[in-house]
1. Collect the residues in the range 12-55 that are exposed (fewer than 12 other Cβ atoms within 10 Å of the Cβ), modelled with pLDDT of 95 or more and assigned to a loop (DSSP other than H, G, I, E, B), keeping them in residue-number order.
2. Identify all residues within the range 121-177 that are in contact (Cβ under 8 Å) with a residue 60 or more places away in the chain, surrounded by fewer than 13 Cβ atoms within 10 Å (Cβ to Cβ) and either out of contact with any strand residue (DSSP E or B) (no Cβ under 9 Å at 6 or more places or on another chain) or aliphatic (A, V, I, L, M) (or both); write none if there are none.
3. Quick check: anything in the range 110-120 among the polar types (S, T, N, Q), out of contact with any strand residue (DSSP E or B) (no Cβ under 9 Å at 6 or more places or on another chain) and within 21 Å of Gln41 (Cβ to Cβ)?
4. Are any of the residues in the range 60-77 assigned by TED's automatic domain parsing to the domain that holds Asp14, at pLDDT below 85, in contact with a Phe, Trp or Tyr (Cβ under 7 Å, 6 or more places away or on another chain) and not in a loop (DSSP other than H, G, I, E, B)?
5. For the condition farther than 16 Å from Ile3 by Cβ and not in a helix (DSSP H, G or I), what is the one hit in Arg153, Arg176?
6. Out of (1) assigned to a loop (DSSP other than H, G, I, E, B); (2) over 28 Å from His9 (Cα atoms), what's the single condition that is false for Lys144?
Amino acid sequence: MAIVWTLQHPRVLDSLERGEAYRPKLSAVEKYGMIDYPKLQHAYEWMREQYSKRVKPLSPGHGLVWVWVRPKPDLRGWAREEKPFVRLTLQVDPKRILPSDHEDWHSPLNGSPVTPLRLRNLPDRLFDKWADEAYMWPPPKIEKTWTRIFDPRYFRPHVQGVMSEIRPGDVVKTERFD
């Protein structure tokens with residue numbers, strides 16, 4: 001079993017405490033879940049497709065639950081405008097999670113290529129040469145690099161994950177922030 005954390009609205013905890021699994025609806029994600037969903041929709045849909053291919057198929061209206069695989073989210077410096085919220089500590093079968101590198105996830109969000117490992121420590125001028133070329137690639141070629149975010153060799157200290165649901169039995173600790 002794996003310990004992961006997620007930040008959710010208290011309504012999610014209320015449902016779990018009633019014995020109901022939380023399965024996010026895609027329509028709710030579009031409306032409430034992301035600050036600029038229209039701009040980020042392509043990346044979110046790509047992540048849904050990857051989850052469906054790698055973990056289990058999702059129905060068309062099914063959203064994703066974002067979790068932190070490591071480290072536990074430190075909220076001291078975190079400016080959350082959408083209070084109240086709850087931090088849930090979950091214990092789940094790792095087969096239910098699609099982990100990815102949090103920093104590299106920004107490449108799909110920004111429509112940019114994920115840098116190959118062999119180029120990460122190049123001197124700036126050599127990296128910039130690669131980046132100047134790579135950022136001009138056609139979108140399908142750029143998207144092919146995105147699967148690198150799931151390769152554990154790419155994982156840095158902050159690893160996120162997505163799941164299809166939170167089950168009541170997954171919850172091992174709750175913390176409310178009002």
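The values are calculated or read from the model by the stated rules, or taken from the named source; none is laboratory data. Every value quoted in this text rests on a predicted model; they were computed, and no experiment measured them. Don't worry about glycine lacking a Cβ; one is built from the backbone with ideal geometry, like all the others, and counts go over all protein chains shown.
1. Arg18, Gly19
2. Val172
3. The answer is yes; a qualifying residue exists.
4. no
5. Arg176
6. All conditions are met except number (1).
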